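Take a look at the structure below.
The values are calculated or read from the model by the stated rules, or taken from the named source; none is laboratory data. Keep in mind the model is a prediction, meaning the values are calculated, not measured. With ideal geometry, Cβ positions are generated from the backbone for all residues, glycine too; neighbour counts draw on all protein chains shown.
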Amino acid sequence: MALHVTHELHKRRFSRNLGLGLVLAGMVVLVFALTVVKVKRGDDMQGYDHTLRPELLPAEEGGAATPAAASEAGQ
């Protein structure tokens, strides 16, 4: 015989806590999966440090693709 009988309120609270725990675990799995996909793809991953990076500019059709190449071509 148990020393304390589990009250019906505790059973309901446990089921709500279990549901919330499963939802939170699902969110963690979703964020982790998105992170893994982003890291495995890896081609567009670059840090943004608020500086101009020529490799992100669209290539021009007739001229130089980067400002460094344009300054070398102008010499």
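Quick rundown of the values:
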item: Candidates Ser71, Ser15 - the one that is at pLDDT 75 or above and among the polar types (S, T, N, Q); result: Ser15
item: Pairs where the first residue, in the stretch 6-20, is β-branched (Val, Ile, Thr) and the second is in a helix (DSSP H, G or I) and surrounded by 10 or more Cβ atoms within 10 Å (Cβ to Cβ), C-beta under 9 Å, 6+ apart; result: Thr6/Phe14
item: Which listed residue, of Leu24, Leu30, is more than 12 Å from the chain's Cα centre (by Cα), surrounded by 10 or more Cβ atoms within 10 Å (Cβ to Cβ) and modelled with pLDDT of 95 or more; result: Leu24
